[in-house]
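The values are calculated or read from the model by the stated rules, or taken from the named source; none is laboratory data. A quick note: this is a predicted structure, and the numbers were derived from the prediction, not measured. Glycine also receives a Cβ, built like all others from the backbone with ideal geometry; neighbour counts cover every protein chain displayed.
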Amino acid sequence: MQNFGVNLKRFRTEKGFSQEAFAAEIGVHVTNLSKYERNKSIPSLEIAEKMANVLDISLDQLVYGEHNQKAQMQIKDSELLQLFNKTQQLSIEQKNTVMDLLSAFLLKANLKQQLS
């Protein structure tokens with residue numbers, strides 16, 4: 001949730017909401033909204049869901065930002081992340097082949113680890 005405030009402010013401004021208008025729309029005081037955007041406070045799940053609905057985005061996007069940002073937070077190896085991004089441009093058949101190869105490789109590595 002470290003980027004929540006940055007994401008909230010970015011999505012709010014992209015949709016053209018002032019802090020006052022957005023706060024009124026989600027039913028919080030503008031002071032609380034300001035705290036959320038500065039990462040000084042975390043909204044309840046109910047308020048976060050209202051925010052996502054008003055902004056017409058998923059709660060996941062609000063918390064993690066764009067999908068690639070979430071992947072970057074979880075995949076530290078930039079070369080591997082780049083390969084996964086390229087894989088998304090493949091046909092469904094090709095993606096399935098890549099997943100089968102990766103699954104087989106991981107299964108083999110897991111078996112080796114268990115046997116050693």
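The table below gives the values:
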item: Qualifying residue in region 21-33 (condition: more than 16 Å from the chain's Cα centre (by Cα), closer than 30 Å to Gln82 by Cβ and in a loop (DSSP other than H, G, I, E, B)); result: no
item: Complete set of residues in region 11-22 that are under 19 Å from Asp60 (Cβ atoms) and surrounded by fewer than 15 Cβ atoms within 10 Å (Cβ to Cβ); result: Glu14, Lys15
item: So Lys40, is it exposed (fewer than 13 other Cβ atoms within 10 Å of the Cβ) and not acidic (Asp, Glu); result: yes
item: Every residue from region 1-38 that is more than 18 Å from Tyr64 (Cα to Cα) and either outside the structural domain of Lys50 (by TED's automatic domain parsing) or of a type in the set (Asp, Glu) (or both); result: Glu20, Glu25
item: Criterion violated by His29 - all others in (1) without any contact (Cβ under 8 Å) to a residue 60 or more places away in the chain; (2) within 18 Å of Arg10 (Cβ to Cβ) satisfied; result: (2)
item: Residue in region 69-116 that is nearest to the chain's Cα centre (by Cα), counting only those that are in a helix (DSSP H, G or I), basic (Lys, Arg) and modelled with pLDDT under 90; result: Lys70
